Amino acid sequence: MQTTQVHDWINRDIQSLRGYTVIEQVYKGYSGDMKFIVSKPDKRFFLKCFSLSELDQKQAEYDVLKQLETLGVKCSHAIEIGRMTVVALGFMVLTYVEGEDASDMLPRFSDEEQYEIGLEAGRQLQLIHQLKADNKVEDWYSRKAAKHLRYVEQYRDCGVRIAGDSAILSFIEEHLHWMNNRPNLFQHDDYHTANLIVRNKAFAGAIDFNRMDWGDPVHEFLKTGFFSAEVSIPFSIGQIKGYHNLNEPSETFWQLYALYVAMCTISSIVWIMKVKPEELKIMMAKVERVVADHDQFASIIPRWYQAWNGRLA
């Protein structure tokens, strides 16, 4: 992408970014959006450019970000959305959350500092989950169960197998009913350390809401087990405790957590084979780790939580 093109787009169509001084393209992440950090003399912004076929989805994301701002959530705030006049692209302008990825910074901090940042991440997730789906959104069980069955069919056809997958699939099938009558709340759906920003050893905000969905809030925590716990167990325990007001989670929480983690082992293999097959080995290592964390799902509470929980307060 030539930055001269972006200069033209801003000057022609993006009012909020006029008067910019520097444009820097961002290549990190899995989304197909073109992403840029755009600097003005007093502030930085995040610009996403995307196919017009995604405009309705991006408008929904934009509207949710506006609502989260009114709730006081620490996250990217929506500034402007629209379509280009010359090229067939849409655009969204967000505030830039200053700081560094938690996945990079947390290992440099003490256990206590990591835990405190996790507590705030959990409190912020509570705020995010105040948004409720409207009645047009199908119930969570119907959507999630159907999606899982599609993933199982694709998994069986993909040519890759998880060791002990029969036990995982049996655990899921026997406990799908746990998802009945769960709330339909807003889900960030990718809430883990790579999408959380820290600054001055404190939680600064959540970014990357492009996978947003509606459903069971416990579903958010499967990314804690898959990704965040690999980076920082103290942070992960802090997030769980912060979300639960420093109390121990209920058995229902852990049942659903284990179910969603188990389901994610299957969907992750299908997803990586479609999107980045060259990273299959990396994903398989994550899957094997979380399966071991749950002793092939004989245990609903992961080993890392049981081992570390008493050490942190």
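The values are calculated or read from the model by the stated rules, or taken from the named source; none is laboratory data. Keep in mind that this is a model prediction, so the values were computed, not measured. Note: ideal-geometry Cβ built from the backbone for every residue, glycine included; neighbour counts use all protein chains shown. Surface accessibility is based on the protein's heavy atoms, side chains included, excluding ligands, DNA and RNA. Shrake-Rupley method; radii C 1.70, N 1.55, O 1.52, S 1.80 Å.
Of everything in the stretch 81-104 that is part of a helix (DSSP H, G or I) and open to solvent by less than 40 Å² (accessible area, probe 1.4 Å), the residue that is nearest to Ala202 (Cα to Cα) is Ala102.
Within the stretch 143-190, the set of residues being of a type in the set (D, E, K, R), more than 23 Å from the chain's Cα centre (by Cα) and open to solvent by 50 Å² or more (accessible area, probe 1.4 Å) comprises Glu153, Arg156, Asp157, Arg161, Glu173, Glu174. Take Phe50 and decide whether it is of a type in the set (A, V, I, L, M, F, W, C), out of contact with any Lys or Arg (no Cβ under 7 Å at 6 or more places or on another chain) and in a strand (DSSP E or B). Here the answer is no, as Phe50 does not meet what is asked.
Taken across the stretch 18-37, residues that are more than 19 Å from the chain's Cα centre (by Cα), without any contact (Cβ under 8 Å) to a residue 40 or more places away in the chain, under 23 Å from Ala204 (Cα atoms) and open to solvent by less than 20 Å² (accessible area, probe 1.4 Å) do occur, with at least one present. Once the stretch 264-313 is narrowed to residues that are among the acidic types (Asp, Glu) and open to solvent by 40 Å² or more (accessible area, probe 1.4 Å), the residue that is farthest from Gln114 (Cα to Cα) is Glu278. Given the structure, is Tyr115 among the aromatic types (Phe, Trp, Tyr), open to solvent by less than 60 Å² (accessible area, probe 1.4 Å) and assigned to a helix (DSSP H, G or I)? When the stated conditions are applied, Tyr115 passes them. The residue that is most open to solvent (accessible area, probe 1.4 Å), counting only those in the stretch 127-139 that are touching a Phe, Trp or Tyr at 6+ places or on another chain (Cβ under 8 Å) and within 29 Å of Glu173 (Cβ to Cβ), is Val137.
Hey, could you check the stretch 198-242 for residues that are aliphatic (A, V, I, L, M), out of contact with any Cys (no Cβ under 9 Å at 6 or more places or on another chain) and assigned to a strand (DSSP E or B) and say which is least open to solvent (accessible area, probe 1.4 Å)?
To start, the set of residues in the stretch 198-242 that are aliphatic (A, V, I, L, M) comprises 198, 202, 204, 206-207, 212, 218, 222, 229, 231, 233, 237, 240.
The next check asks that each one be out of contact with any Cys (no Cβ under 9 Å at 6 or more places or on another chain); those that pass are 198, 202, 204, 212, 218, 229, 231, 233, 237, 240.
If we keep only those that are assigned to a strand (DSSP E or B) too, we end up with 198, 202, 204.
Working: Val198: 7, Ala202: 44, Ala204: 30 Å².
It comes out as Val198.
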